[in-house]
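As structure tokens, the structure follows; a few thoughts come after it.
The values are calculated or read from the model by the stated rules, or taken from the named source; none is laboratory data. Note that the structure is predicted; figures quoted are calculated from it, not measured. Note that each Cβ is placed from the backbone with ideal geometry, even for glycine, and that neighbours are counted across all protein chains shown. Quick note on the areas: whole protein, heavy atoms, side chains included, nothing else; ligands and nucleic acids left out. Shrake-Rupley method; radii C 1.70, N 1.55, O 1.52, S 1.80 Å.
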Amino acid sequence: MSHSTITPQQITVLGSTGSIGVSTLDVIARHPDRFRVFALTAQRQVERLLAQAIQFHPRYLVMVETQAAADLRQRLAAAGLADIEVLSGAAALVEVAADSAVDTVMAAIVGAAGLPPVFAAATCGKRILLANKEALVVAGDLLMQAVRRHGATLLPIDSEHNAIFQSMPSNFATGLDAVGVSTILLTASGGPFRNTPLAELATVTVEQAVAHPNWSMGRKISVDSATMMNKGLELIEACWLFNATPEQIEVVIHPESVIHSLVQYIDGSVLAQLGNPDMRTPIAHALAWPSRMLSGVKSLNLFEVAALHFSRPDYQRFPALSLCCNAMRQGGTTPTILNAANEIAVAAFLQRQISFTTISAMIDATLQRMSGVAVESLEQLLAVDGEARHLTTSLLASKPA
Ligand code: NAD
Ligand code: MG
């Protein structure tokens, strides 16, 4: 370990008990000289947040649910850690993201619930490590504006976007044409149902849907990967991050998940980032950027990989992909509606209330009944999100069994 004289970065990890949150803390623990944990947050997982508090001793813990927060306070006191303050409620997420003591915010909450603290971090000019792709899908325009206006730094954690970022010239914000980029090639594993006979998709189980072939992730993103909604959300995310149109992005099925995405230039060059499928690589990249540091990921063995495969996505099998392309083309609040409908439909699938193929059908039905309007404010977007959730929920309730 180097004896650097840099002051450690103060970091807030939003969603620290989740898959990305745990991987982030794994990387941070390898570099005690570079990072201090300022705050950790979770929705309701008392045991896991307590264990993290014991290991990292943050100044604040946020437990969104009040009862879980009360339990956590008792457990902390019993562990002799009553000096760590426990906050509760969604507003506390914004507080620990915006606090003037914080340098870096890891945004690893799942869903639109993560948007308010990400937006606050942008407005406060923080360095934001963005895993929470839904924040960009719901509020891409406003969020990118806030980042630029307040001098925030937005670094993508999503493996594909991190790969694209690494393969782009540093001045890519001036526009893809200006830097000689012709196409972004967004890779996708195709998920667990890439080769499942179409007729069987309606009856696949929750267990089959969340068993991703290459990545271990939270349940919501695992279902999104199975419907390929995840790739659709990522297409929207890439449009905002890299100032691209949907036409400048091509989805490429690459089942091995070794190439994490590519950037094609007008001179025929194609640059890519490769690695083992382990989120600690993009996390360490963004934590250390613009330098590099150890992540705990073993290096890629090309002789073990031996062969890589590529094919075009099947839009009939994965209607969610087209829904996302169309929503991005329509713009305004349409992607906000799409995201809300997806969150409700995926939760209903995970609770075994609807079939796998009904997920995309419900999103489509919601989009047909609610039209997008021009984006005005964060408050408006949160209201549209609530309205779309309400609509999808009522459509699910009225659906014949
Ligand atoms: P996860 O379900 O494992 O963890 C989610 C975290 O968010 C938990 O800490 C949970 O307590 C918290 N949370 C959930 N609902 C909340 C709410 N309403 N309010 C406040 N906190 C809440 O999810 P994950 O797989 O770690 O994914 C997190 C984000 O990162 C998602 O947006 C996902 O798309 C993105 N992402 C994940 C991966 C991955 O490998 N897991 C890869 C790329 C992108
Ligand atoms: Mg991804």
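Summary table below
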quantity	calculated
Nonlocal amide H pairs with Arg36, under 5 Å, H built at 1.01 Å	Gln9, Gln10, Ile11
Calculated P(r) tail over 19 Å for the stretch 1-150, as whole % of Cα pairs	49
Candidate aspartates and glutamates - alpha carbon under 13 Å from Lys298, same-chain residues fewer than 8 apart omitted	Asp278
In Å², nearest 10: area of Glu200 left accessible to a 1.4 Å probe	100
Kirkwood hydrodynamic radius of the stretch 144-253, from inverse mean 1/r over distinct Cα pairs, in Å	15.5
Rg and Dmax of the stretch 212-284, Cα atoms only, in Å	13.3, 41
Of Asn339, Asn243, Asn162, the one that fluctuates the most in a GNM where the chain has Cα springs shorter than 10 Å	Asn243
Within-14-Å neighbourhood charge of Glu304 [Cβ basis; K, R +1; D, E -1]	0
Under 13 Å from Lys220, Cα to Cα: aspartates and glutamates that are on another chain or at least 8 residues apart	Glu134, Glu207, Glu343
Residue among Gln273, Met106, Pro32 farthest towards the positive dipole end of the chain, charges placed on Cβ	Pro32
Solvent exposure of the chain as accessible area per residue, Å², 1.4 Å probe	43
Neighbour net charge for Cys324 - beta-carbon separation under 9 angstrom, K R +1, D E -1	0
Net charge over other residues, Cβ less than 13 angstrom from the Cβ of Leu241 (K, R count +1; D, E count -1)	-3
Whole-percent carbon and sulfur share, accessible surface of the chain, 1.4 Å	53
The stretch 286-382, Cα convex hull volume normalised per residue, Å³	226
Kirkwood-type radius of the stretch 42-115, with distances r between different C-alpha atoms, in Å	12.7
Where labels lie 7 Å past Cα in the beta-carbon direction, separation of His390 and Thr66 in nm	2.3
Built amide H within the under 5 Å cut-off of Val252, gap 5+	Leu186, Thr187, Ala188
Largest-first principal axis extents of the Cα set of the chain (Å)	57, 54, 43
